[in-house]
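Here the structure is laid out as structure tokens; the discussion comes afterwards.
The values are calculated or read from the model by the stated rules, or taken from the named source; none is laboratory data. Just so we're clear, the structure is a prediction, and the values are computed from it rather than from any experiment. Every residue, glycine as well, gets a Cβ built from its backbone with ideal geometry; the counts of neighbours run over all protein chains shown. For the accessible areas, the whole protein counts, side chains as well, though only heavy atoms, and no ligand, DNA or RNA atoms are used. Shrake-Rupley method; radii C 1.70, N 1.55, O 1.52, S 1.80 Å.
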Amino acid sequence: MLKNVNTRGAFLCAKEAANRLKRGGGGRIILISSSAVASLWPGFGAYAASKAAIDVMVKILVKELKGTGITANCVAPGPTATEMFFTGRSKEVVQRCIDESPDNRLGRSKDVALVVGFLATVVREWINGETIRVNSGCA
């Protein structure tokens, strides 16, 4: 299930975005991965693997898009205080994530949005094929 949503979904979105941006003369593709790829938390093997595929996908994508004026990057959030994050997690697990954070808190949606916005600007053409972890240093 995770592979179908995380990996295939990102692939199909990136493919469609690339086709549209080629016709439009260039632009930015920004995929969402996860800091779970780098943190190696027990019990997150399938999830981390499905997100690691996105990290690799973006590196290949930039080579395939060479000369098109399109950049592709990944943003990999750490534990972020969203409804999806809290669903199915005990208070103990949430507290452990907070305790592991150097800032002693969960990320906020705006923490991630600022990085996505930065990558979406025209002046970021030299940043290409990168995965930027937004996680307060916990991974």
Condition check for ALA53: open to solvent by 30 Å² or more (accessible area, probe 1.4 Å), on the phi < 0 side of the Ramachandran plot and touching a Leu at 6+ places or on another chain (Cβ under 6 Å): no
All positions within the stretch 67-91 that are over 20 Å from ALA48 (Cβ atoms) and among the charged types (D, E, K, R): GLU83, LYS91
Those residues of the stretch 76-124 which are open to solvent by 50 Å² or more (accessible area, probe 1.4 Å), part of a helix (DSSP H, G or I) and among the β-branched types (Val, Ile, Thr), in sequence order: VAL122, VAL123
Failed criterion for ALA46 (all others in (1) part of a helix (DSSP H, G or I); (2) loosely packed, with under 15 Cβ neighbours inside 10 Å; (3) free of Cβ contacts under 8 Å to residues at least 24 places away in the same chain hold): (3)
Evaluation of MET1 against (1) at pLDDT 95 or above; (2) open to solvent by 60 Å² or more (accessible area, probe 1.4 Å); (3) more than 19 Å from VAL112 (Cα to Cα); (4) not polar (S, T, N, Q) (one fails), failing number: (1)
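Within the stretch 9-27, work out how many residues are within 14 Å of the chain's Cα centre (by Cα) and open to solvent by 40 Å² or more (accessible area, probe 1.4 Å). Can you show your working first?
Of the residues in the stretch 9-27, the ones within 14 Å of the chain's Cα centre (by Cα) are 9-11, 13-14.
Add one more test, that the residue is open to solvent by 40 Å² or more (accessible area, probe 1.4 Å), and what stays is 11, 13.
The number of residues fulfilling the criteria is 2.
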